[in-house]
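What follows is a set of notes on a single structure, which appears directly below.
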Amino acid sequence: MATKHELLSDAAQRALRYLDDLDSRAVYPDDHAIRQLAELRKPLPDDPQPPAETLELLDRVGSPATVASTGGRYFGFVIGSSLPVTVAANWLAAAWGQNAGMRASSPISATLEDVALTWLVDLLGLPKGTGGGFVTGATMANFTALAAARRTLLLRAGWDGEEQGLFDAPPLRVVVGEEAHVSVLKAVAMLGLGRGRVLRVPVDGQGRIQPDAMPPLDDRTIVCLQAGNVNTGAFDPATDICPAAKQAGAWVHVDGAFGLWAAASPRHAHLMHGYADADSWATDAHKWLNVPYDSGLVFCRNAEHLRGAMAMSAAYLVTDQQREPSHFTPELSRRSRGVEVWAALRTLGRRGIADMIDRHIRHAQRFAEGLRHAGFDVLNDVALNQVLVSFGDDRTTRQVIAEVQREGTCWCGGTQWRGRAAMRISVSSWSTTEADVERSLDAMLRAARNVCDQSSSQADAYSF
């Protein structure tokens, strides 16, 4: 039976070997690796099994079946990698085994959250005094922030939703752009605000809300803005919308799953102009900060609004006058996500974070330049880390996407944009280099040529 030292040393060596091999493997697992997963579908053993055998099976069968999203050539969705220091911090935090819900259950977790939140509020240009919490991701961050909005607006209308429920409560309106992310709509549904009752506002060609199409606002309205459209990277015009919303007494929430991090770059902070005037913000740390999953962040201008919606009390829950982590998130028991966030922030520093964001945006612009130069249609203004490209008609574009994915040099996903099929390139990994970009760009162009050549050959065959 392996000792804990042997087992953990073995795990570390396997993890390092996995990371070292990323550059030489296809980004997406091959059919053999997927079929091999059947080896895991066995009945639960009756007797204990050797831990070393369990780890060996997990590595032998599991590692080849992973998507190499922590490498430098994964551009599907907006999925960040994991900085080495955050992986190391994650291992240490797992060894600590802390419950981060209460200060009494983990003083170190609570302290790291305190420090990281202070840094984040400053880094992201949010108002002093902003409160926050560590959640699983932007979906839960949107949910948590909108719960604070719901409670605050109902209280202003004389209704305590937490005590009285939503039956017979004064109605609230939720206003979003037509390109609002599904996580916002999911949060609205979970909060009982009614997905079907959401008012959608027309957007422009980049997915930005058109301010002149906004409906009249009042003090029972929640306006949801988007900082970083998931397809184009575009930002809703906060400088036009926030002042009108504030004057009407409406609550403004920002879904900034990745775009909020633009504020950390002096070169791109202008994209965030006006967003500091919102009431709440949601973002992910596992996207552009490049920490391990699952790591989301919720912020609220008035910390008491967030605390009022999330706080819990019981005789056995020992609290003091300091910030209690569980009073700002839906969960009580949870892992210590603040460890990795703190480690990333301290290690990168203000300049390192800005450099990483700037580098990713340059990479995205290089992809756009290369694809456009080759004659393909880039569908968005590449102001952030997102690129949309069409390779012709929808059928051809989908074939190119499939060929890129099959060939394996890099991985990009497909999407629909303004009625057209498109390939979406999302640059989010700290480990992506200029060499990765050029190698991936060559693979994309090669795939496009192959598809076009096949189409020409088929057309010639049909002509006979």
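Values quoted throughout were computed directly from the atomic coordinates according to the rules given, and no laboratory measurement underlies them. Just so it is clear, the structure is predicted and the values come from calculations on it, not from any experiment. Glycine also receives a Cβ, built like all others from the backbone with ideal geometry; neighbour counts cover every protein chain displayed.
Taking only the C-alpha atoms, wrap a convex hull around segment 354-463 and report its volume per residue in Å³ as a whole number.
It is 94 Å³ per residue.
Applying the Karplus parametrisation 6.51 cos²θ - 1.76 cosθ + 1.60 with θ = phi - 60° to the phi angles of segment 280-293, what ³J(HN,Hα) value in whole Hz is obtained for each residue in order, glycine and proline being reported as x?
Once θ is set to phi - 60°, the couplings for segment 280-293 become 8, 9, 10, 7, 10, 8, 7, 9, 7, 7, 6, 10, x, 5 Hz.
Based on C-alpha coordinates, I'd like the Rg and Dmax of segment 89-344, in Å.
17.7, 55
Restricting to the chain, compute how many DSSP beta bridges are antiparallel as a %, nearest 5. Mind showing how you got there, number by number?
Numbers: 23 of 38 bridges.
For the chain, the DSSP antiparallel bridge percentage is about 60.
From the mean inverse distance of alpha carbon pairs (Kirkwood) and the Cα radius of gyration, derive Rg over Rh for the chain.
Numbers: Rg = 23.9 Å, Rh = 23.9 Å.
Using Cα coordinates only, the ratio equals 1.00.
Stretched out fully, how many nm does the piece from Arg156 to Asp204 gain, at 0.36 nm a residue minus the Cα gap? Please report the intermediate quantities before stating the final value.
Details: separation 48, 0.36 × 48 = 17.28 nm, distance 3.37 nm.
Here the segment from Arg156 to Asp204 would lengthen by 13.9 nm.
What's the exposure ranking of Tyr275, Tyr28, going from fewest to most Cβ atoms within 10 Å?
Ascending Cβ contact count within 10 Å gives the list Tyr28, Tyr275.
Using a basic spin-label model with each label point 7 Å from the Cα along Cα→Cβ, how many nm lie between Ala248 and Asp219?
1.5
Please give the FRET efficiency for Thr54 paired with Ala435, using the beta carbon to beta carbon distance and R0 = 41 Å, rounded to the nearest 0.05.
Approximately 0.65, to the nearest 0.05.
What list of ³J(HN,Hα) values in whole Hz, one per residue of segment 321-326 in order, does the Karplus curve 6.51 cos²θ - 1.76 cosθ + 1.60 (θ = phi - 60°) give from phi, with Gly and Pro shown as x?
7, 7, 4, 9, x, 5
Please go through the residue pairs Lys128/Lys186; Lys42/Lys287; Lys246/Lys287 and name each one whose alpha carbons sit more than 32 Å apart in this structure. Intermediate values should be presented prior to the final figure.
Numbers: Lys128/Lys186 30 Å; Lys42/Lys287 34 Å; Lys246/Lys287 30 Å.
Result: Lys42/Lys287 exceed 32 Å.
What is the distance, in nm, between label points placed 7 Å from the Cα along the Cα-to-Cβ direction at Met1 and at Gln454?
Result for the modelled spin labels: 5.5 nm.
Using amide H atoms built in the peptide plane, which far-off residues or other-chain residues are under 5 Å from Val135 H to H?
Amide H neighbours of Val135, under 5 Å, 5+ apart: Gly296, Leu297, Val298.
For Lys4, list the aspartates and glutamates whose Cα falls under 14 Å from its own Cα; do not include residues on the same chain fewer than 8 positions away.
Glu53
How many percent of the alpha carbon pairs in segment 4-63 exceed a separation of 13 Å? It would help to have the intermediate numbers written out before the result.
Values: 1225 of 1770 pairs.
Taking all Cα-Cα pairs of segment 4-63, the fraction more than 13 Å apart is 69 percent.
Out of residues 5 or more away from Asp377 or on other chains, whose amide H comes under 5 Å of its own, with H placed 1.01 Å from N in the peptide plane?
The answer is Ser390, Gly392.
Got a sec? How would Val404, Val382, Val67, Val182 order by Cβ neighbour count within 10 Å, fewest to most? Provide the component values of the computation, followed by the final result.
Working: Val404 28, Val382 22, Val67 14, Val182 10.
Lowest count first: Val182, Val67, Val382, Val404.
Can you compute the modelled spin-label distance between Arg351 and Phe167, with each label point 7 Å from Cα toward Cβ, in nm?
Here the answer is 6.2 nm between the modelled labels.
Tell me, what HN-Hα J-couplings in whole Hz come from the Karplus equation 6.51 cos²θ - 1.76 cosθ + 1.60 at θ = phi - 60° for each residue of segment 224-237, using x for Gly and Pro?
9, 9, 10, 9, x, 4, 5, 9, 9, x, 6, 10, 4, x
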